[in-house]
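What follows is a short report on a single structure.
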Amino acid sequence: AAVSVPYLKAYSAESHLVGSARQFKARFRLAHSMAVRRGVYTAIRFEQSGARWRYSIYIDGDYHGVQSADIASGRDSRVAGPFPLDSGADGVRVGINSGVPAPPPDSGILQPGSDPIRFGSSNMVSFSPLGTATPGTFYLAGEVRQAAVRVTGGTARVRIMLCRGRKWVEQS
């Protein structure tokens, strides 16, 4: 029994990380389908409130893309959220653990304390009516595991990746 405790702890931490990432992926698909179906730009904006990160879905109100200034003025309106980025899961935080290698195709070591939301300076994933998206990555950290949610630009595909030891594996 004593031997199995660390494995159960790692499995529990991993399932919380993957669950949080999957909740985001479902909302990502919603925002993406809204853009294509309605023929208008939509965006997911990451917003920090104290130590917690949240995200909301916005829709373009003036037909030139979702922009921070338009959100502030009310021209681009929130249609869903805010949702906690960590989904409120136990032991999951938005951040980077120490000693984690960068996920491929990047190289090097990720730096704890560096920006865990990497979607440009506006912290937004934008979706076009043609189905493309802003590329980027955000990182979720657990006590013993690291996850990355990566968005590709041209295809708007979302990949959930998990770092086990020093190797990144894609989750389905």
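The values are calculated or read from the model by the stated rules, or taken from the named source; none is laboratory data. As the structure is a computational prediction, the values presented were derived from the model and not from experiment. Every residue, glycine as well, gets a Cβ built from its backbone with ideal geometry; the counts of neighbours run over all protein chains shown. For accessibility, only protein heavy atoms count, side chains too; no ligands or nucleic acids. Shrake-Rupley method; radii C 1.70, N 1.55, O 1.52, S 1.80 Å.
Quick one: Karplus J couplings for the range 32-38, per residue in order, coefficients 6.51, -1.76, 1.60, θ = phi - 60°, nearest Hz, x for Gly and Pro?
Computed from phi, the couplings for the range 32-38 are 4, 5, 4, 5, 6, 5, 8 Hz.
Name the shape class, rounded, prolate or oblate, that the alpha-carbon gyration tensor gives for the range 26-78, where a ≥ b ≥ c are the square roots of its eigenvalues, rounded holds for a/c under 1.5, and otherwise prolate holds if a/b is larger than b/c and oblate otherwise.
oblate
How many Å² of accessible area per residue for the range 36-172, probe 1.4 Å? Write out the running numbers ahead of the final one.
Numbers: 6530 Å² over 137 residues.
That works out to 48 Å² for each residue.
List every residue whose amide H lies under 5 Å from the amide H of GLY153, counting only residues 5 or more places away in sequence or on a different chain, with H placed 1.01 Å from N in the peptide plane.
Here the answer is none, since no amide H 5 or more places off falls under 5 Å of that of GLY153.
Measure off, as a whole percent, the carbon and sulfur share of the 1.4 Å-probe accessible area of the chain, all protein chains present.
Its accessible area is 53 percent carbon and sulfur atoms.
Local charge sum around ARG54 (other residues, Cβ-Cβ under 14 Å, Lys/Arg +1, Asp/Glu -1)?
Numbers: positive: ARG27, ARG45, ARG52, ARG78, ARG93; negative: GLU47, ASP86.
Around ARG54, the surrounding residues sum to +3.
Pick from ARG38, ARG75, ARG22: which residue has the top mean-square fluctuation in a GNM of the chain where Cα pairs under 10 Å get a spring?
Of the options given, ARG38 has the highest mean-square fluctuation.
Need one number: the % of Cα-Cα pairs in the range 42-134 sitting beyond the 20 Å mark. If you can, show how the numbers build up before the last one.
Numbers: 1943 of 4278 pairs.
More than 20 Å apart: 45 percent of the Cα pairs in the range 42-134.
What does the charge count near ALA72 come to, summing +1 for each Lys or Arg and -1 for each Asp or Glu among other residues with Cβ under 15 Å from its Cβ?
Details: positive: ARG45, ARG75, ARG78; negative: GLU47, ASP60, ASP62, ASP70, ASP76.
After counting each charged neighbour, the total is -2.
In sequence order, what are the phi-derived ³J(HN,Hα) couplings for the range 128-137 according to the Karplus relation 6.51 cos²θ - 1.76 cosθ + 1.60 with θ = phi - 60°, rounded to whole Hz, with x for glycine and proline?
So the J values, rounded to whole Hz, are 8, x, 7, x, 8, 9, 6, x, x, 9.
Under 10 Å, Cα contacts only: if you run a Gaussian network model on the chain, which one of VAL144, VAL79, VAL94 comes out with the highest mean-square fluctuation?
VAL79
Give the span of the chain's Cα atoms along each principal axis, as three whole-Å numbers ordered largest to smallest.
Projected onto its principal axes, the Cα set of the chain covers 60, 31, 27 Å.
How high is the relative contact order of the chain, in percent, counting Cα pairs under 8 Å that sit 6 or more residues apart? Write down the numbers at each step before the final one.
Values: 359 pairs, mean separation 38.2, N = 172.
Here the relative contact order equals 22 percent.
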